[in-house]
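S.K.: My questions will all concern the structure given below.
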Amino acid sequence: MSEESKTYDFQAEIQKVLDILINRLYKNREIFLRELISNAADALHRFRIVQLEQKEGILDPDQELAIQVSFDEDGNTLTITDSGVGMTYEEAVQNLGTIAQSGTLEFLEELDDTSDVANLIGQFGVGFYSAFIVATDVTVRSRSFTTESKGIEWRSKGTGKFTVTHYDKPTRGTDIILTMKDDAKEFLNKYKLETIIKKYSDFVGFPIRIGDEEKPVNRQTPIWHQPEDEVKDEEYNEFYRQVSMDFTEPFHRIRMNVDAPIQFKALLFIPSRRDRSMTSVQFQDYGLKLYSKKILIQEKAKDLLPEYLRFVFGVVDSEDLPLNVSREVIQVDRNIQRISKSITKKIIEELGKFTKEDEEKYLEWYEQFSVFLKEGIANDQKRREKLLELIRVKTSKSEDKPITLTKYVEGMPDEQEELLYLLGENLRSLKQSPHLEHYKKLDQEIILFDEPIDTFLMMHVTTFNEKPFKAIDQAEPEPPTESEDEKDEDEDKEEEKEKDPFLVGIKEILGNRVIDVRFTDALTDSPCRLLGQGAAAYSRMMRYMTEDYIPQAKIMELNTTHPIVVGLKKLFENDPESSLLRECCFQLLESQELAEGNLKDVNAMIARTTDFMKQLLE
Ligand code: ADP
């Protein structure tokens, strides 16, 4: 570096970021210390990794990895010292003059008054600048970790410019020296500093000392390494807040301490509140923190859990993992796979246990998280049965309180062999569906699936406890015939001959809008119902996914005793060409399609009803 001392401009956004921080964080300004300590810990952590990779040319290799916070009341300064990686001249210019993440300013500007800036700044790579909330001057003295490095000094008043010069620093690491504002002298106090450090930085994995004191203020030992009952609930919750950024209490906490087949410790949290973004396909901000021997090796390890458990937060720490592993390696690592299997099993077990202890509370949770479990049922064949035990269903008899599938099965009469269900748009239209009438007569309960994901679910689920599921809006498959093909054809012909001319007439009118028209005695109150044939779930799925998907034609079944059907039959016998007959047939079909959310052309139907009204009034 030829220049002895050079002044630089901050990146334009920084000044604005500073203004926002100073304004918004005033009441909560003690967090500047958390941010600076977190940077120091980060630098120490990075040094630890350097040391693992490189043995030669390291400055002060034996120096303890620690953080010191010291203050000088007379000099009006507060200093945070670390023995971490330090910064070179270029790094200081680059790292302390620009914001690494683009979009940070826009984000900060958009935050409304209720947003918690204090808990967001760490995420946006602007933590360092929080020093200016309490300081008029910030001086950074740093020396990088190699023996050839030279020390530097960075100075700024936080007003648009900073200066960097060489500085003769004998030791590795960084000192951040704050000259405190007049109204921020309260921080030059041992007790005050101790309280703040304990509050925010208790589990920082390096000793933090105040002044020349021997004893570190913080506990260091990560919470998941402490005996389970020695950690207080508040401490667990505080930790949860740090990993999840969620400020509500977690729904459930799981600790694991496993020795075989692979050693690992885990501390996992199931949130009580679903973040809206979690269900989106684009949601990538998940994953557990993965540690090896207390060193963080991956911030968001996605391969530790199946994707459908992406709502789980926490840490996994294993002695049996290599330290410097890339994402690709983690993906195929057998040990990772073993851990993943073990924690997945545990989470599902714990949820199961929870349902036995407090079903009411579980239901509240379930309302928000059911879609994840259903996604799991669809995708995780191995754990399907276990996951099915965790789902709750509404039924034609359960009113609005969902029940377990086991309970549903227990309520099945002896002659009922299948779990009967109906998929639909919403509970109200499901409850009015003509398909239920037959089963009401038989006093059989029907599972009512009313969520979009249920369609997807039922594409994958065929049995529960070895009992098959059956959609009640589907036509029975043709009964197997003992006869040869030829004979079959004969029978078909015979049947056709016998077929009621009324049914033939209606089929002719409706053309390919229906597969067939027949009579049924399954209905009591409704004039007709529509039965699907084959892959009903598939066709419903397609409807969600493709806008102009044309639903498959269905079989129309008519209730012989219903006045409308009786009337139509009379009309047909008088005049098979009657236009009223024709319009009524379409109206009957389309009303049903509408109720099932399958009507393609609403306008045609509206025009027809208007016509009916006109005729009636005339
Ligand atoms: P973040 O830490 O989120 O990246 P900051 O604004 O807090 O954002 O810090 C900016 C950068 O400055 C850090 O990423 C790091 O490279 C560097 N830095 C800050 N403090 C230290 C330190 N004590 N030792 C070494 N580098 C540091």
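S.K.: Among (1) touching a Gly at 6+ places or on another chain (Cβ under 7 Å); (2) farther than 15 Å from residue 454 by Cβ, where does residue 387 come up short?
M.R.: Here residue 387 clears every test but (2).
S.K.: So which residues in region 393-429 are among the basic types (Lys, Arg) and either in a strand (DSSP E or B) or exposed (fewer than 12 other Cβ atoms within 10 Å of the Cβ) (or both)?
M.R.: Answer for region 393-429, where residues must be among the basic types (Lys, Arg) and either in a strand (DSSP E or B) or exposed (fewer than 12 other Cβ atoms within 10 Å of the Cβ) (or both): 394, 401, 428.
S.K.: In this structure, does residue 226 turn out to be within 16 Å of the ligand (Cβ to nearest atom) and either under 20 Å from residue 269 (Cβ atoms) or among the aromatic types (Phe, Trp, Tyr) (or both)?
M.R.: Here the answer is no, as residue 226 does not meet what is asked.
S.K.: A further question follows. Pull up region 3-28, narrow it to residues that are more than 12 Å from the ligand (Cβ to nearest atom) and β-branched (Val, Ile, Thr), then point me to the one that is farthest from residue 110 (Cα to Cα).
M.R.: Ranking the candidates gives 7 first.
S.K.: Among what's in region 136-151 and is away from the ligand (no atom under 13 Å from the Cβ) and among the hydroxyl-bearing types (Ser, Thr, Tyr), pick the residue that is surrounded by the most Cβ atoms within 10 Å (Cβ to Cβ).
M.R.: Checking each candidate, the answer is 146.
S.K.: Looking at region 29-88 only, could you name the residues that are within 14 Å of the ligand (Cβ to nearest atom) and either aromatic (Phe, Trp, Tyr) or in contact with a Cys (Cβ under 7 Å, 6 or more places away or on another chain) (or both)?
M.R.: 32, 47
Quick grid of which residues meet (1) at pLDDT below 95; (2) in the same structural domain as residue 269 (by TED's automatic domain parsing); (3) acidic (Asp, Glu):
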position	(1), (2), (3)
285	yes, yes, yes
298	yes, yes, no
304	yes, yes, no
320	yes, yes, yes
323	yes, yes, no
326	yes, yes, no
330	yes, yes, no
335	yes, yes, no
350	no, no, yes
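S.K.: Let me ask something additional. Taking region 540-576, which residues are at pLDDT below 70 and closer than 27 Å to residue 440 by Cα?
M.R.: 540 - this is the single residue of region 540-576 that is at pLDDT below 70 and closer than 27 Å to residue 440 by Cα.
S.K.: Moving on to the next point. Kindly indicate the residue of region 592-607 that is within 14 Å of residue 531 (Cα to Cα) and assigned to a helix (DSSP H, G or I) and also modelled with the highest pLDDT among those meeting that condition.
M.R.: Residue satisfying both the conditions and the ranking: 592.
S.K.: Can I ask one more? On the given criteria, is residue 164 β-branched (Val, Ile, Thr), in the same structural domain as residue 30 (by TED's automatic domain parsing), surrounded by 18 or more Cβ atoms within 10 Å (Cβ to Cβ) and at pLDDT below 95?
M.R.: No, not satisfied.
The rows are residues; the columns are (1) free of Cβ contacts under 8 Å to residues at least 60 places away in the same chain; (2) within 17 Å of residue 193 (Cα to Cα); (3) crowded, with 17+ Cβ neighbours inside 10 Å; (4) in contact with a strand residue (DSSP E or B) (Cβ under 6 Å, 6 or more places away or on another chain).
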site	(1), (2), (3), (4)
51	yes, no, no, no
55	yes, no, no, no
70	no, yes, yes, yes
83	no, no, yes, yes
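S.K.: Test residue 101 against the stated conditions and say whether it is part of a loop (DSSP other than H, G, I, E, B), closer than 30 Å to residue 14 by Cα and either more than 38 Å from the chain's Cα centre (by Cα) or not hydroxyl-bearing (Ser, Thr, Tyr) (or both). Let's see the steps before the verdict.
M.R.: Details: part of a loop (DSSP other than H, G, I, E, B): yes; closer than 30 Å to residue 14 by Cα: yes; either more than 38 Å from the chain's Cα centre (by Cα) or not hydroxyl-bearing (Ser, Thr, Tyr) (or both): yes.
In short, yes.
S.K.: Quick one: which residue in 292, 272 is hydroxyl-bearing (Ser, Thr, Tyr) and either touching a helix residue (DSSP H, G or I) at 6+ places or on another chain (Cβ under 9 Å) or modelled with pLDDT of 85 or more (or both)?
M.R.: 272
The values are calculated or read from the model by the stated rules, or taken from the named source; none is laboratory data. Every value quoted in this text rests on a predicted model; they were computed, and no experiment measured them. Backbone-built Cβ (ideal geometry, glycine too); neighbour counts: all protein chains shown.
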